Structure formats: C-alpha cells, structure tokens
Ligand SMILES: [Zn+2]
C-alpha cells in the first residue's frame with residue numbers, strides 16, 4: 001500500500017472563551033481520530049493547530065474587563081491548550097497567532113500581494129461611533145441580518161446563516177460600545193479582489209470534489225456563494241490590536257483577521273519546524289505537490305477554507321515563487337447542540353471541557369461524541385445518552401467482553417495465551433470476521449465518515465461477545481480444555497484487534513488495554529491477524545469502563561440553566577468593602593415615557609429622597625410607562641452617568657430577566673422611604 005504524505009489542520013479556536021463540547025465535535029475530535037488512525041497506518045502525517053488571537057472580539061472582552069488584550073489571549077490560549085491536552089488531542093503543534101513568526105508570515109503574504117499590485121484601494125463607509133469617536137469594526141456592531149433576520153448579526157457577517165454582506169445592508173445597527181445607533185462614515189481600506197478568482201475557485205472546488213468526493217453540505221455552501229458572485233473583500237481594519245499593515249501610509253490599520261488567521265496554519269508549521277531545529281521542515285508539507293492537505297472545520301468556517309484561503313494561496317502561487325498546496329478536502333461538520341438547545345455560556349447551557357473532565361474520563365466523552373458526530377446534520381449531546389453509551393456500550397459490550405475473557409484466561413490458563421489448536425467452522429468464521437475489520441474501518445475513516453467507522457468498531461465487540469457465548473467456554477473448560485483454549489485464543493486476538501481499532505477513539509483506555517495484553521499495536525492493516533503468540537504472558541486485567549450511576553447524571557442535568565453561588569469562581573469573589581462601594585438606593589418613579597425611535601428604552605424620572613434624577617432603562621418591552629408611576633424600585637445610585645440615544649441616564653434600575661426574556665423590576669414595599677440605602 002502506498003503511504004501518503006498528509007497535512008491536517010483543525011480550525012484555530014478563538015482565544016476569547018473556553019472550548020465546549022460543540023467545538024470538539026466540529027473541528028477537533030474527528031480530526032484527531034483521523035490523524036491517530038493515519039499514524040497507525042504508517043502515513044507521513046502532521047497535525048497543526050493553534051489559537052487565533054487577533055480581531056475585535058478580543059478587544060471587546062479586554063475593554064469589558066479593563067485589562068489588555070494580551071491578558072485575555074494568554075488566559076484562553078493556556079486554558080484551551082490544557083483542555084485539548086486533557087481531552088487527548090494529539091496535535092504536533094498548538095501555536096498562537098501572536099507569535100513573531102506568525103506576524104512575519106502574514107506580513108510576507110501582505111507585502112507580496114501589495115508589491116504585485118493585487119490589492120485594490122477603496123474608500124468605503126464604515127460604522128462610526130460618534131460618542132466614543134472611533135470606527136467600529138465588524139464585531140463592534142450588532143444588528144439584524146439582511147438575509148436570515150438573525151438579530152445578533154455582525155456588521156458584515158452573520159454567524160447564523162454564514163452570509164457575508166456590506167455593512168450598509170445591516171438592519172437596526174447598534175454600537176456595542178455605547179449602545180447608540182452608529183453612523184456610516186468614510187474611511188479607506190485595501191481590498192482583496194476575491195471576485196477575480198471566482199472562475200479559478202469554481203474549477204478548484206469542482207476538481208477536488210470529482211477526485212476526492214467533498215461532503216454535500218460543503219459543496220452546497222460553496223455553490224451558494226458562487227451563485228451570489230464573490231466580491232472584493234476588505235483586508236485591512238481601523239483597529240489597534242492585530243498585525244500592523246506594513247505600509248507607511250496605513251496608519252492605525254491592521255490586517256483583517258480573516259486574511260491572517262488562516263495563514264496561522266502555515267506559521268504554526270513553521271513554529272514546529274523551529275522547535276525541531278529543522279527550519280525547512282514546513283516546506284516539506286506545504287510546498288510539495290504530493291501533500292494531501294485536509295482542513296477540518298465546523299460549518300461556520302466553510303467559506304474561509306474553501307474560498308478565501310484557497311484564493312490567497314492561488315494568488316501567492318501565481319507569483320511564480322514557491323507553490324503552496326491547497327486543501328484537498330474540507331470535511332466540515334454541522335453543529336452539536338446540548339440537550340436540544342444551542343450552547344450558551346450566559347444561560348449556563350452546556351459544559352466546558354475542563355469541567356467535564358474533572359468528573360469523567362476523557363475517553364467516555366470521546367466515544368459519546370464520536371458515535372454521534374454531526375457529520376451530515378446537527379446532532380445533540382444528551383446526558384442520558386452519554387450515560388447509556390457508557391453503561392450499555394463501553395461497559396456492557398466492550399468492557400464486559402474484555403473482562404470475561406481475561407478472567408477466564410487467568411483462572412484456567414495462568415494468564416497465558418492458550419494454543420490456537422484445531423479450528424472448527426465457528427472459529428474460522430470468527431477469524432475471517434476479525435480480519436475484515438481493519439480494512440472496512442479504514443475505508444470509513446479515509447472518507448471522513450468517522451462516526452460510521454467508530455460504530456463499526458463496536459460491532460466487532462458485539463461479534464466477540466456472540467462468539468464467546470456460542471462457544472460456551474464455561475462448558476468446554478470441563479469437557480475439552482483444548483477446545484476452550486481455542487475459543488479464548490480467538491477472543492484474545494479479537495481484543496487485540498479491538499485495542500488497535502479503538503486506539504484513535506479511546507487512546508487512554510486502549511493504552512491500558514495494551515498494557516494488559518503486554519503488547520503493542522502493529523501496522524493498521526495487520527491488526528486483524530493473529531498477533532498474540534501461544535504462551536504469551538498477559539498482565540492482570542483492570543476494569544476499563546466502570547458504570548456511571550444515575551445520581552451523577554441527575555446532578556449534571558439539575559445544574560443546567562442554574563448559576564449557583566458555589567459555582568461562582570473564587571477569583572470573581574469581591575470583598576465587603578468592594579460591595580459597599582456600590583450605592584444601591586430605593587427610588588420612586590414619578591414620571592415615565594417612551595423614548596422616541598427606541599423599542600427598548602423608557603425615560604424615567606425617579607425621586608431619591610429630595611433629589612430627582614433622570615434614568616433611561618431598557619425595559620420598554622416589558623413595562624407600559626403608565627404602570628410604573630408610583631412604583632418603588634432599587635437603583636444603582638453612584639453609577640457614572642451615560643448617554644443612551646442622546647439622553648443622560650443618572651443611574652441603573654435593578655431587574656431580573658425571566659426565562660422567556662421578560663424583564664422584572666425588583667420591587668420594594670411602599671412603606672420604605674425614598675433614598676433608603678439597600679445593603
Ligand atoms: Zn443571517
């Protein structure tokens with residue numbers, strides 16, 4: 001069999017939040033299983049990833065916390081790197097785009113295109129916050145998507161439907177900094193002429209699909225974009241945080257993150273080469289036409305990997321210098337939801353990888369996710385299914401088969417592999433069955449049908465149990481010990497094959513299994529052969545998959561949607577003195593009216609003792625103004641005044657949001673005097 005040279009990348013996670021199970025199911029676990037399988041198959045493969053550390057979302061988080069963007073990226077880069085390690089991700093390198101090697105790589109590409117006159121310089125209208133006096137990049141503006149109506153769309157991109165559009169098309173735009181409606185103001189940017197590459201991109205996608213069979217969801221996304229025609233795309237941004245545009249006249253501009261983040265795959269490979277003291281190693285993968293490049297991503301990233309990144313590499317290759325490989329396949333997954341809903345940090349819906357792994361072994365999560373990957377449609381993680389897959393598949397089918405075989409061999413054959421002996425038809429059939437698995441599973445994995453491959457492997461454990469039962473070794477051990485030995489020999493060979501086939505999926509448990517077998521994996525294609533010799537000494541078995549009790553699962557289900565005090569992280573605790581800095585006071589509403597042109601805001605006049613204040617509150621969807629008059633409410637009295645829709649607000653009214661999204665003001669009895677402090 002001809003071995004391949006393979007380059008695998010997984011989407012660079014954004015260093016602005018923790019990894020959750022949905023991410024793992026999309027771009028990471030399937031890639032890791034594929035990579036681990038390819039390594040056992042003897043292919044020459046490297047697996048590249050890292051943190052994406054630029055862009056406006058990071059600066060927004062930094063401003064919210066009043067820290068530098070560096071603090072945010074350091075925190076999430078380290079946390080995500082560690083979470084991936086605990087989950088068993090076997091990256092050859094997990095780099096970060098804040099490294100000098102990445103900045104250098106991005107600047108090289110930029111300057112190459114700039115010097116060749118590829119970019120178009122264009123004036124454009126961009127959202128500008130008149131209160132904060134800054135241009136608002138994509139993520140600083142939120143509004144309604146012109147294509148699908150999603151109300152949390154960004155200025156030029158909708159995460160819900162994946163559309164890209166011009167900022168002027170966004171409906172109801174709002175600045176995330178001041179909450180006001182931003183104005184469109186003129187600026188200039190360099191643009192990458194994506195439209196010019198459309199014919200070449202269409203040809204590329206068709207050719208790759210013909211040769212390597214792209215997934216239909218990926219093809220449909222691509223064809224949708226081609227149908228809408230590709231446009232020039234701004235490649236610079238007015239922003240502080242990021243890679244400075246290496247052109248003197250471009251003051252205050254950085255390279256747009258969509259252009260440089262995908263180059264992070266290349267710079268991460270360069271980073272690996274430097275670590276290995278082989279500075280040219282990266283070229284062996286990126287610039288060899290024999291390389292098979294596979295880019296694993298989630299569906300929200302399709303356009304960047306099937307259109308934008310290939311276009312950037314095509315543009316470079318046209319220059320006639322080194323030639324980069326384009327992705328040969330982009331097996332994008334759909335989304336994983338959690339118990340029927342989208343993951344949401346703010347609603348406490350879902351679980352972080354770290355929290356999960358504090359309670360359960362990583363292999364249990366890997367198996368549950370792998371057996372239910374969203375390869376063709378969105379799927380869900382359910383706690384009950386997690387328990388069921390562990391208890392009835394890992395424990396009852398795989399674990400039980402291993403355990404009963406080892407118990408028998410230790411009890412009756414001193415823990416040594418019995419002789420294969422004389423084969424009957426049932427034995428020959430089973431051996432033939434075992435030997436068919438490695439090739440069949442490989443065929444699934446080679447087509448990126450990871451879920452089907454994983455479910456197929458579990459069938460071998462089912463076959464093993466059936467063979468054990470049909471052969472009745474508990475009877476033959478008394479009547480015909482050699483016959484019993486034959487059965488157990490074949491059961492052990494089955495376990496060996498299972499150990500190897502499951503290694504990419506359950507790396508931690510299968511490592512333990514190979515210790516029990518006192519053996520090591522062989523080349524993938526040989527793992528269905530007779531690999532354990534007669535009299536080979538085994539090690540004592542341990543239980544690989546204990547059952548999960550109902551109470552543990554119930555506990556997790558009960559936690560969903562609640563944010564309990566005990567879960568408030570220690571570092572976010574404040575002292576009594578800190579709390580007392582906040583002046584909460586009782587106030588009486590004396591006037592209330594709607595703010596013109598705003599759906600959300602009410603303008604209130606409240607009395608605090610003798611003092612009267614104007615407060616603008618976002619409660620118009622939940623309260624009619626007239627119903628508020630005379631109500632006693634709690635306000636934050638020493639909050640810095642802010643302007644909302646041009647109106648000054650001198651305080652904030654405390655309210656809670658119900659599950660249906662309705663706001664309820666905290667009420668105080670009429671007997672309490674205005675101005676009374678709440679503490
Ligand atoms: Zn949309």
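From the list 149, 224, 162, pick out the single residue that is under 27 Å from the mean Cα position of the chain (by Cα), within 13 Å of the ligand (Cβ to nearest atom) and outside any loop (DSSP other than H, G, I, E, B).
Values: 149 fails: outside any loop (DSSP other than H, G, I, E, B); 162 fails: outside any loop (DSSP other than H, G, I, E, B).
Being under 27 Å from the mean Cα position of the chain (by Cα), within 13 Å of the ligand (Cβ to nearest atom) and outside any loop (DSSP other than H, G, I, E, B) holds for just one of 149, 224, 162, which is 224.
Could you check how many residues of the range 232-280 are out of contact with any strand residue (DSSP E or B) (no Cβ under 8 Å at 6 or more places or on another chain) and closer than 16 Å to residue 304 by Cα?
Of the residues in the range 232-280, 4 are out of contact with any strand residue (DSSP E or B) (no Cβ under 8 Å at 6 or more places or on another chain) and closer than 16 Å to residue 304 by Cα.
Being under 28 Å from the mean Cα position of the chain (by Cα) and in a helix (DSSP H, G or I) is the filter here, so list the residues in the range 227-263 that pass it.
Those that are under 28 Å from the mean Cα position of the chain (by Cα) and in a helix (DSSP H, G or I): 257, 258, 259, 260, 261.
Give me the pairs: first residue in the range 419-448 and free of Cβ contacts under 8 Å to residues at least 60 places away in the same chain, second residue loosely packed, with under 13 Cβ neighbours inside 10 Å and not in a loop (DSSP other than H, G, I, E, B), beta-carbon distance under 9 Å, and six or more apart or on different chains, which are they?
Qualifying pairs under 9 Å: 426/470.
Considering 370, 395, which residue is within 14 Å of residue 451 (Cβ to Cβ), out of contact with any strand residue (DSSP E or B) (no Cβ under 7 Å at 6 or more places or on another chain) and touching a residue at least 24 places away in the same chain (Cβ under 8 Å)?
The match here is 370.
Could you please find all residues in the range 610-627 being out of contact with any strand residue (DSSP E or B) (no Cβ under 8 Å at 6 or more places or on another chain) and either farther than 19 Å from residue 666 by Cβ or crowded, with 19+ Cβ neighbours inside 10 Å (or both)?
610, 611
Within the range 326-381, can you find the residues that are on the phi > 0 side of the Ramachandran plot and under 14 Å from the mean Cα position of the chain (by Cα)?
Passing the criteria: only 350.
What is the residue count in the range 165-176 for residues that are within 14 Å of the ligand (Cβ to nearest atom) and within 24 Å of residue 643 (Cα to Cα)?
Total satisfying the criteria: 3.
From 207, 157, 186, grab the single residue that is away from the ligand (no atom under 14 Å from the Cβ), surrounded by fewer than 21 Cβ atoms within 10 Å (Cβ to Cβ), closer than 30 Å to residue 117 by Cα and at pLDDT below 95.
186
Can residue 42 be described as part of a loop (DSSP other than H, G, I, E, B) and within 30 Å of residue 439 (Cα to Cα)?
On the way: part of a loop (DSSP other than H, G, I, E, B): yes; within 30 Å of residue 439 (Cα to Cα): yes.
So residue 42 passes the test.
For the range 65-87, check the following and say yes or no: at least one residue is within 16 Å of the ligand (Cβ to nearest atom), assigned to a loop (DSSP other than H, G, I, E, B), over 15 Å from residue 51 (Cβ atoms) and free of Cβ contacts under 8 Å to residues at least 24 places away in the same chain.
The answer is no; no qualifying residue exists.
Go through the residues of the range 126-143 one by one and say whether even a single one is within 16 Å of the ligand (Cβ to nearest atom), modelled with pLDDT of 90 or more and either assigned to a loop (DSSP other than H, G, I, E, B) or over 17 Å from residue 58 (Cα atoms) (or both).
Yes, some residue in the range 126-143 is within 16 Å of the ligand (Cβ to nearest atom), modelled with pLDDT of 90 or more and either assigned to a loop (DSSP other than H, G, I, E, B) or over 17 Å from residue 58 (Cα atoms) (or both).
The values are calculated or read from the model by the stated rules, or taken from the named source; none is laboratory data. Every value quoted in this text rests on a predicted model; they were computed, and no experiment measured them. Quick reminder, even Gly has a Cβ in these numbers, built from the backbone with ideal geometry, and neighbours come from all protein chains shown.
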